[in-house]
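Okay, so here's the structure we're looking at.
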Amino acid sequence: MKVTIKQLEHFVAVAMTGQVSRAAQRCYVSQPSLTTSLKNLEALLGVQLFVRHAAGLRLTLQGEGFLRHAEHVLASLETAIAETKDSISSLEGRVKLAITDTVSEYVLPKIIGAMRRQLPLVSFEPVERNRVQIENGIRNGSFDLAVVLVSNLTPTADFHQEKLLKSERRLWTSLDHPLASRASVPLSELADQPFILLDMDEHVATVNRYWGAMKLKPNVIFRTKSIEAVRSLVAQNVGVTILSDLVFRPWSHDGGRIRRTVMAGSVPSMDLGLVHLRESEMSKAASACARVLRLLAKSLLRESHLQVDGLADAAAD
């Protein structure tokens, strides 16, 4: 017997929801059928993927590792199907895409890969700039499109904004941290916790804004531009942090483990969006580029448990 796509879909659904009943609803199968599917998958792999707890099911260490691969397989399949259906590979042209450092750090390799597969004849030029430079470049025609954190943009009538990704921000802790076993944690309980602050793409201003709205301040013990430093320090229980699902990975480069927990209360999501000048008609190449970016957003939804407007049904569960 071989692992099937259905088994992977069932496994990912249970991992995302933490409950067989909700996963069965999402996959449109009965609970007994989904339970049997999981048992068969565990038998094929020879490992236990889940352990039971009071609120449902939780991934084992082996399950967390297998989840990354399962999500990658499903995302690759979905992207392959979408790209095959919507092939636009014969189009020619030139597109200059502006991106911020957050997009460059976490999404650029996937953007480049998607462009090469979908638009091999288009001259695609990504350029990394800060928000102000991107806004000015969109206005003066230096950039055809931009992928930015839309929540950071200056409100203006001359920009057309299209949200691509909504990535929830959650608490990151080490596996043995006292808060790691909680279903959710309010911001007020983190005020005394040592906090590791990532300093990228106006993130510090965002942190100060939502902490300040609660009349609180994070107890910052280390500030860094390195996401790998953040992961290692959190995994070693030096401190905690709050970051989005887009940048989450359950391990650090030095082998540490990281747990993420839902934040209860007003912590904003990190929203990536597509921006272009409203009054200017996009070229065919730029329009095709935008289409590829939308397809890529769907793939990232699968890989990172992200909620994308109009695509995810997680909020409905």
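The values are calculated or read from the model by the stated rules, or taken from the named source; none is laboratory data. These numbers were taken from a predicted model, which means no experiment stands behind them. Ideal geometry is used to build each Cβ from the backbone, glycine not excepted, and the neighbour counts take in all protein chains shown. Only protein heavy atoms, including side chains, enter the accessible area calculation; ligands, DNA and RNA are left aside. Shrake-Rupley method; radii C 1.70, N 1.55, O 1.52, S 1.80 Å.
Okay, here's what the table says:
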item: Relative contact order for the chain, counting Cα pairs under 8 Å that sit 6 or more residues apart, in percent; result: 21
item: Distance between segment 28-42 and segment 209-254 - C-alpha centres, whole angstrom; result: 37
item: Order by protection proxy (mean Cβ within 10 Å, highest first), peptides 272-279, 54-61, 97-104, 173-180; result: 97-104, 272-279, 173-180, 54-61
item: Antiparallel %, DSSP beta bridges [both residues in the chain], to 5; result: 60
item: Computed magnitude of the charge dipole of the chain (debye, nearest 20; Cβ of K, R +1, Cβ of D, E -1); result: 540
item: Estimated FRET transfer efficiency when R0 is 25 angstrom, pair Gln19-Asp176 (beta carbons, to 0.05); result: 0.50
item: Reported label for calculated semi-axes √(5λ) of the Cα gyration tensor in Å given (1) 33, 23, 19; (2) 26, 25, 16; (3) 34, 28, 16; result: (3)
item: Accessible surface of segment 85-176, 1.4 Å probe, proportion on carbon and sulfur as whole %; result: 45
item: Whole-percent carbon and sulfur share, accessible surface of segment 221-262, 1.4 Å; result: 54
item: Accessible solvent surface per residue of the chain, calculated while the other protein chains remain in place, 1.4 angstrom probe, Å²; result: 49
item: Contour minus Cα-Cα distance for Gln236 and Arg94 (0.36 nm per residue); result: 46.5 nm
item: Proximal lysine pairs, the chain, alpha carbons under 21 Å, eight or more residues apart or interchain; result: 16
item: Mean Cβ neighbour count within 10 Å, used as a protection proxy, ranking 231-239, 40-48 highest first; result: 231-239, 40-48
item: Segment 1-80: C-alpha gyration tensor shape, a/c 1.5 cut-off, then a/b vs b/c; result: rounded
item: Positive-end residue of His253, Pro120, Thr206, charge dipole of the chain with Cβ unit charges; result: His253
item: Accessible area of segment 1-78 belonging to carbon and sulfur atoms, whole % at 1.4 Å probe; result: 57
